1. Which whole-Hz ³J(HN,Hα) couplings does segment 234-243 yield from phi under the Karplus relation 6.51 cos²θ - 1.76 cosθ + 1.60, θ = phi - 60°, glycine and proline marked x?
2. Mind checking segment 215-309 for trypsin sites (Lys or Arg not before Pro) that DSSP puts in a loop (not H, G, I, E or B) and that have at most 10 other Cβ atoms within 10 Å?
3. As a test, work out the antiparallel percent of DSSP beta bridges whose residues both lie in the chain, rounded to the nearest 5.
4. In square angstrom, what is the accessible area per residue of the chain with a 1.4 angstrom probe?
5. Report the local net charge at G233: Lys and Arg +1, Asp and Glu -1, summed over other residues whose C-beta lies under 10 Å from its C-beta.
6. Of the listed pairs K75/K273; K191/K276; K79/K308; K222/K308; K255/K308, which have alpha-carbon separations greater than 29 Å here?
7. Can you give the extra length, in nm with one decimal, that the chain gains between R112 and N311 once fully stretched, where that is 0.36 nm per residue apart less the Cα-Cα distance?
8. Between E92 and M429, what is the label-to-label distance in nm when each label sits 7 Å out along the Cα-to-Cβ direction?
Amino acid sequence: MPELRLYNTLARRVEPFAPADGQTVRMYTCGPTVYNPAHLGNFRTFLFEDLLRRVIRLAGWQVEQVMNLTDVDDKIIRKAAATGANILEVTEPFTELFHRDRRYLRIEDAERYPKATEHIPEMIALVERLVANNVAYIADDGSVYFAIARFPDYGKLSQLDTREIRAGARVAQDEYAKENAQDFALWKAAKPEDEATGAAWDSPWGRGRPGWHLECSAMAMKYLGETFDLHAGGIDLIFPHHEDEIAQSEAATGKPFARCWCHGEFLLTDGAKMAKRVGNVANVVDMRDQGISGTAYRHFVFNAHYRKQLNLGDDSLEQSRAAVNRIGAFARRLVEATTGTAALADAATRAERAFLEALFDDLNAPEALAALFTFISEANRELDAQGDDLPALERARAAFRLMDSVLDLVPEQEVDADLAAWVEERLSMRRAARERRDFAAADAARAELTARGILIEDGPDGTRWRKG
Ligand code: AMP
Ligand code: ZN
């Protein structure tokens, strides 16, 4: 197994990576703000993190991944207030949708999805520690701010000089009494809108709600410990979000927060960052309605290195659809094959090595995909040759299984909708016939299905079918 190397934003270079305890990678990934559907740009980042966790497992470690769900923030409150709703009524349906979309893209379950609103006591306790350590101060209105001037390491992740940060921030000292324009809110005093939407809690400083950065620090440390292995997110989170997470956590504990920071680049459309506020977003539901599989989007994303920008053009997903169909056809061919050749085994060994080397070298998925496609061409040729080496075939199957355990690109077999409807109709005729004990009619329905090559299987939860 080659050594896993990752680009660590904190060190600004590619470095060897291993979990501190040699067994489990404790990993925190910033999750979605659940007030509308996550877009394909957000999912580019979540797919990069899916790749990361699968590669970590391939390296022989376990993963403990935490992805937070931001279920209280300005945009959520504004949306709830507009309809007189509680924030929960806004966030619950979008939380469900997020998981549905995620599964469509075959993004594996994280071990935990903690919600900000369920961790208010942990967040208050963290603010209390910061106040006690004299790095936070309480403003007249009951808001609490982090004083960046009292944390000398501030800026180490984004490598912005604090002087620059201060000079660059010509924002008027806004409505709150901040000591410094760049000081950020740990705790925000409640406004009437917050109370009206259920977004205010009691605290030692009066009613209020947590700042966004605070939730990630509190939940990461609760579930992963004060120092953990890996923290990931999109590149836009480096500053200020991750910089502020580091400040709050390290100023409270005096220990390093995450050991390694990984950031994925943006998805663009027509050269502009895909973002809700730009209005150029596409989402998973649109994609599904256009008949594009989750595997096609996975392929599209993995075909670019995660640290390079990627542009979603008109025919990008068409090309990826063709690519995954090729992978699907090859997967079926491997199942159906009965034997192989010695050269097939060699091709499998070569492919596996190239695949691992590419991925372990800072997740070079495009090169890993190239190794897979080279293997498909070579293996197809060897399968045509009709050899008699059964272990070689097993070797090829194992190599393909290994590659697919990371990429997960074999599409569902396409069945056209008319055929599916026709089959369902015959199945319900057969069910009805059996219920009235008309076995001749049930057999006739079954015979119609068999005649069209449909195989059926009765099981505990109904009848399943597939094209033979
Ligand atoms: P948000 O819901 O805005 O907090 O974003 C969730 C995740 O998506 C974060 O890790 C962002 O960095 C990431 N993200 C947002 N826009 C894009 C984009 N256009 N391309 C890639 N990642 C993005
Ligand atoms: Zn975060």
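1. Karplus-based 3J(HN,Hα) across segment 234-243 equals x, 5, 5, 8, 4, 10, x, 4, 6, 4 Hz.
2. R277, K308
3. 50 percent
4. Numbers: 21400 Å² over 468 residues.
Heavy-atom SASA per residue in the chain reads 46 Å².
5. Working: positive: none; negative: E49, D236, E245.
It works out to a net charge of -3.
6. Long pairs (Cα-Cα over 29 Å): K79/K308; K222/K308; K255/K308.
7. 68.5 nm
8. Output for this residue pair reads 4.3 nm.
The values are calculated or read from the model by the stated rules, or taken from the named source; none is laboratory data. Please read all numbers here as calculations on a predicted model, not as lab measurements. Positions of Cβ are backbone-derived with ideal geometry, glycine not excepted, and every protein chain shown enters the neighbour counts. Ligands, DNA and RNA are stripped out before the accessible areas are found, and what is left, the full protein with its side chains, is counted by its heavy atoms. Shrake-Rupley method; radii C 1.70, N 1.55, O 1.52, S 1.80 Å.
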